[in-house]
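Student: Here it is, the structure in full.
Readers should treat all values here as calculations from the given coordinates under stated rules, not as data from a laboratory. Note that the coordinates shown come from a computational prediction; the quantities given were computed from them, not determined experimentally. Neighbour counts run over all protein chains shown; Cβ positions are idealised from the backbone, glycine included.
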Ligand SMILES: [Zn+2]
């Protein structure tokens, strides 16, 4: 969609369109939802990334990133016809090395069940082909 078409589109909906700078800055890309953008980022990433890194890049709250990841994990298999999946490098206790393998959803545990340390290496994520 080019700018002229876009402008018509917005003008039809918002009369005061010209007052908003963002009108002119809308690109095709911004029609993607934040979830789609995170998913694409994780597909293109070369190495698994942590929720904190994603939060920084997309200017989100880390808590929201984990929620998005949970949804991406479900949708990516469906969208790719089971060819791709969200993979998680599980969080690990930096003190004793305990690996949190049994998490039911993406999150950073607050403390280690084995040594009670709170020094936890956060999980990292990537979307990869699973065939
Ligand atoms: Zn530990």
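Student: Note down the nm distance, to one decimal, between modelled labels 7 Å out along Cα→Cβ at residue 61 and at residue 35.
Tutor: 1.8
Student: Sticking with this one: Figure the gain on full extension for residue 128 and residue 75 (residue separation times 0.36 nm, minus the Cα-Cα span) and round it to one decimal in nm.
Tutor: Full-extension gain reported as 17.7 nm.
Student: If the label point is 7 Å along Cα→Cβ of residue 47, which residues in the range 109-131 have backbone nitrogen under 18 Å from it?
Tutor: Taking a point 7 Å out along Cα→Cβ of residue 47, the residues of the range 109-131 whose backbone N falls under 18 Å are 121-128.
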